[in-house]
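Note sheet for the following structure.
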């Protein structure tokens with residue numbers, strides 16, 4: 001098992017029911033089910049188009065409790081779109097980290113540990129959807145077709161989804177440990 | 001995404017608090033947290049020696065809700081130990097399936113769907129522990145050192161652990177669909 005270190009540059013929450021865009025907060029509380037007060041919080045959630053094996057709206061277990069993007073991936077998306085920057089808010093991310101550029105490739109089952117003892121488990125890549133592209137377009141109105149171009153610019157750069165393994169407080173500036181799951185020698 | 005079919009040969013439950021050994025039942029009910037009445041049921045569980053990153057006994061999310069072994073893997077374990085057969089009860093399994101020999105290699109995030117609509121998500125290989133070896137030894141007292149030999153005979157043949165994605169009834173004889181997660185083109 002390989003361990004890496006990274007830094008929490010920002011903690012973000014989507015606490016207005018009508019929008020997926022997040023806003024920065026200085027700290028947050030992870031509990032079983034996600035981040036307290038966030039729109040993705042819940043042990044279960046209704047299935048959507050990402051789970052075509054279930055009728056849409058079926059109550060299923062929520063593996064999309066907390067989403068994370070890396071500063072390095074956001075820079076690459078911005079470069080791909082030819083815009084100045086991509087804010088984690090526009091992607092609806094809950095955590096914005098730096099120092100671990102390969103975040104989107106982090107293997108399922110990998111752990112992220114915070115100084116408070118709180119812990120997340122990676123449930124894999126965040127699959128693209130169209131909302132963030134539309135949000136990016138609003139901020140760069142003179143750039144054509146950002147909404148549709150985001151799908152390829154964001155490919156394998158959209159960060160990860162996680163579930164809460166152990167509750168606890170998290171803070172902006174936290175140094176986090178990333179324990180990378182190696183399938184040849186897996187963790188449990 | 002590749003899909004395979006397999007058959008549920010037996011459903012098993014550990015419903016006596018003092019022992020991990022399971023017993024056959026003709027049907028079961030999967031709910032969020034695991035199989036109703038089973039000792040591994042729970043949205044959370046205390047951490048053990050498999051999670052050395054947490055103090056032992058810490059309340060963590062339970063990814064070990066339902067365990068599955070394959071008939072084919074049990075046959076290989078029996079062959080490796082030089083005994084007639086290995087019963088799924090002795091391994092503490094909840095499901096005993098056939099027709100999918102590579103069960104232990106099933107990728108995390110793969111789905112198992114039942115005719116009732118119930119669904120499981122694979123959380124990876126079931127890492128070896130010593131109890132099943134001791135149980136096997138009890139049944140073959142004339143064979144030496146089965147308890148310690150089980151660790152290598154069971155390597156990569158111990159089946160998988162799962163969490164319940166969608167509740168529902170399951171029955172002995174169910175034909176199940178296995179949707180194999182492909183990390184190059186992942187599911188969510």
Inter-copy spacing of residue B:169 label points, which lie 7 Å from Cα along Cα→Cβ, given in nm from shortest upward: 4.9
Label spacing, shortest first and in nm, from residue B:49 to its equivalents in the remaining copies (7 angstrom along Cα→Cβ): 4.9
Residues in region B:111-129 reached by a label modelled at residue B:3 [backbone nitrogen below 18 Å; 7 Å Cα→Cβ]: B:111-122
Compactness of region B:32-129, expressed as Rg and Dmax over alpha-carbon positions, Å: 14.7, 40
Calculated diffusion of the protein assembly as shown, Stokes-Einstein form, Kirkwood radius summed over Cα pairs, 37 °C and 0.692 mPa s, µm²/s: 151
Nearest-0.05 FRET efficiency for residue B:75 and residue A:184, computed from C-beta distance (R0 25 Å): 0.55
Computed E for residue A:131/residue B:177 - FRET, C-beta separation, R0 25 angstrom, nearest 0.05: 0.25
Fluctuation leader among A:75, A:18, A:102 - chain A, Gaussian network, Cα springs under 10 angstrom: A:18
Estimated inter-spin distance, residue A:152 and residue A:50, nm [label 7 Å along Cα→Cβ]: 2.4
CD proxy at 222 nm, helix term only [per DSSP H run n ≥ 4: -39500 (n - 2.57); per residue of chain B; nearest 500]: -4500 deg cm²/dmol
Closest approach to the B/A rotation axis among chain B Cβ atoms, residue and whole-Å value: B:108, 2
Highest average packing first - A:118-126, B:78-86, B:48-56, B:5-13, Cβ atoms within 10 Å: A:118-126, B:5-13, B:78-86, B:48-56
Whole-angstrom gap from region B:109-160 to region B:65-86, using each part's C-alpha centre: 7
Residue B:142 versus residue A:139: modelled label distance in nm, points set 7 Å from Cα along the beta carbon direction: 7.5
Residue order, fewest to most surrounding Cβ atoms within 10 angstrom, among B:179, A:95: B:179, A:95
Label geometry 7 Å along the beta-carbon vector: residue B:72 inter-copy distances in nm: 3.9
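The numbers here are math on the coordinates, done by the rules we state, and not lab data. All of these numbers come straight from a predicted model, not from anything done at the bench. In this analysis, Cβ positions are derived from the backbone assuming ideal geometry, glycine residues included, and neighbour counts consider all displayed protein chains.
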